[in-house]
Each structure stands twice: as structure tokens, then as C-alpha cells.
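We did not get these values from a lab; they are worked out from the coordinates using the rules stated. All values reported here derive from a predicted model rather than from experimental measurement. With ideal geometry, Cβ positions are generated from the backbone for all residues, glycine too; neighbour counts draw on all protein chains shown.
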Amino acid sequence: MAKKETREKGRIAVVRVRGRVNIRKPIADTLKLLNLTRVNHCVVVPNTPQYTGMVNKAKDYITWGEINPDTAIKLLQKRARLDGNKRLDDEYLAKNTRYKSIDEFAKAFINLDAELKEVPELKPVFRLRPPKKGYERAGIKKPFSVGGALGYRKDEINDLLGKMI
């Protein structure tokens with residue numbers, strides 16, 4: 001019972017910022033387990049201690065923060081892909097799941113009531129564009145806390161995702 005209470009509610013969006021050159025094997029394996037195989041790929045995972053540990057291990061190559069429902073809706077509408085590189089739409093969701101629209105599914109997904117696996121043929125990775133007007137001023141080798149792009153950004157991840165969608 002104590003484990004349930006320590007579990008934080010919601011989901012975090014994780015975006016890979018740096019490439020593969022000179023990366024240590026344990027960190028490369030962690031990024032592979034997170035499905036972050038390329039730069040500008042994004043995954044949305046539950047905010048659990050297990051995922052938090054994985055994210056902290058790879059903190060020098062990624063940025064992350066809590067995603068809000070509005071950003072999740074935009075992400076699913078514009079960047080979610082089915083097999084064959086087809087877009088996800090309300091009609092497909094209504095026909096293949098218990099959800100009638102992307103808005104309804106996104107809100108359930110953020111509240112941990114639904115999973116991406118419930119949608120058949122949906123890919124778990126969102127391929128994003130490089131951010132409009134670039135990353136922060138200090139670049140991709142410094143942490144967010146000193147003006148760079150790496151590390152934990154709290155709710156600021158929604159601004160970055162908005163620039164990348």
C-alpha cells in the first residue's frame with residue numbers, strides 16, 4: 001500500500017537531445033530501453049521511480065518534464081503514427097478502441113487510465129522536428145538549470161514540445 005502512495009500521478013515526456021557519438025554502453029542501453037534511438041524522438045512514460053531512475057541515468061543526453069493534457073492532445077493529433085506512417089485520427093480511435101476521440105484518449109492517457117498499447121498499431125515513439133528557433137542559448141551540452149537544453153525542465157517541457165510539434 002505504501003508504494004501506491006509514493007507513486008506520483010501523471011506522465012513525463014522525455015526527448016532525446018544529443019546523438020550517439022562517444023556514448024557509454026550502459027547509457028546507450030538505457031536510451032534503447034526508453035525507445036529513444038534517435039535525436040528529436042520523444043516518449044511519454046509514467047512518472048514512476050523505475051522510469052525516473054532510467055531518466056536520471058541518461059540525463060546528459062535527454063530532457064524531460066511533466067506533460068500537460070493540451071500538449072498531449074497536440075502530440076497525438078500531429079505526431080502519433082500508425083503502422084505504414086499513417087496519422088492517428090478520431091475515426092480510427094472510435095473504431096478500434098473504447099475512446100471516441102483523441103481528446104478523450106489523451107486525457108485518460110495523462111491520468112494513467114489508458115496506455116498507448118491499447119491503440120492497435122500505434123507506435124510508442126513520437127518523431128519530432130528540431131525546435132523552431134533552436135534550443136536554449138547555452139546549447140545542447142549544458143543543463144537546463146544554467147541555460148542549456150539538457151535535464152529536468154518541469155512544465156517547461158510543454159513549451160519545447162510546442163516548438164517541436
Problem set entry | 5 angstrom amide H check on Ile62, placed H, neighbours 5+ away | Val17, Gly151
Exercise. What is the Rg over Rh value, at two decimals, for the range 69-122, using alpha-carbon atoms and the Kirkwood definition of Rh?
Worked result: 0.91
Problem set entry | Neighbourhood net charge (10 Å Cβ-Cβ; Lys/Arg +1, Asp/Glu -1) for Arg153 | -4
Problem set entry | Low-density loop cleavage sites - trypsin sites (Lys or Arg not before Pro) in the range 61-165, where at most 13 other Cβ are within 10 Å (DSSP) | Arg98, Lys100, Lys132, Lys133, Arg137, Lys141
For this session: Apply the Karplus parameterisation 6.51 cos²θ - 1.76 cosθ + 1.60, with θ equal to phi minus 60°, to every residue of the range 116-122 and state each ³J(HN,Hα) to the nearest whole Hz, in sequence, with x for glycine and proline.
Result: 5, 5, 5, 8, x, 6, 7
Exercise. So what is the diffusion coefficient of the range 1-105 in µm² per second by Stokes-Einstein at 4 °C and 1.567 mPa s, using a Kirkwood Rh over Cα pairs?
Worked result: 84
Seminar exercise, completed: Non-local residues with an amide H under 5 Å from the amide H of Ala80, with H modelled 1.01 Å from N and Pro and chain starts lacking one, are Leu88
For this session: Would you kindly derive the ³J(HN,Hα) couplings of the range 104-112 from the backbone phi angles with the Karplus curve 6.51 cos²θ - 1.76 cosθ + 1.60 (θ = phi - 60°), listing them in order in whole Hz, with x for Gly and Pro?
Result: 4, 5, 5, 5, 5, 5, 5, 7, 6
For this session: Considering only Thr37, Thr97, Thr63, give the residue with the highest GNM mean-square fluctuation for the chain, with springs between Cα atoms whenever their separation is below 10 Å.
Result: Thr97
For this session: Only Lys, Arg, Asp and Glu count, each charged at its Cβ (+1, +1, -1, -1), so figure out the dipole size of the range 40-165 about its Cα centre, rounded to 20 debye.
Result: 640
For this session: Would you mind telling me which residue in Leu88, Leu33, Leu76 has the biggest mean-square fluctuation in a Gaussian network model of the chain, where springs connect alpha carbons within a distance under 10 angstrom?
Result: Leu33
Problem set entry | FRET E, pair Lys78, Gln50, Förster distance 22 Å, beta-carbon r, rounded to 0.05 | 0.15
Seminar exercise, completed: Listing Ile73, Ile27 by rising number of other beta-carbon atoms within 10 angstrom, fewest first, gives Ile27, Ile73
For this session: Please give the contour-minus-distance gain from Thr97 to Arg24: 0.36 nm per residue of separation, less the Cα-Cα distance, rounded to one decimal in nm.
Result: 22.2 nm
Exercise. How large is the helix-only mean residue ellipticity at 222 nm for the chain, computed as the sum of -39500 (n - 2.57) over DSSP H runs with n ≥ 4, divided by its residue count, in deg cm²/dmol to the nearest 500?
Worked result: -9500 deg cm²/dmol
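Quick one: work out Rg over Rh on the C-alpha atoms of the range 57-165, Rh as Kirkwood radius.
Value, to two decimals: 1.02.
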For this session: Within the chain, what's the longest run with no GluC sites (Glu not before Pro) in a DSSP loop and at most 13 other beta-carbon atoms within 10 Å? Give the range, please.
Result: 9-114
For this session: In whole Hz, with x marking every Gly and Pro, tabulate ³J(HN,Hα) for the range 90-101 from phi via Karplus 6.51 cos²θ - 1.76 cosθ + 1.60, θ = phi - 60°.
Result: 4, 4, 5, 4, 5, 6, 10, 9, 7, 9, 8, 8
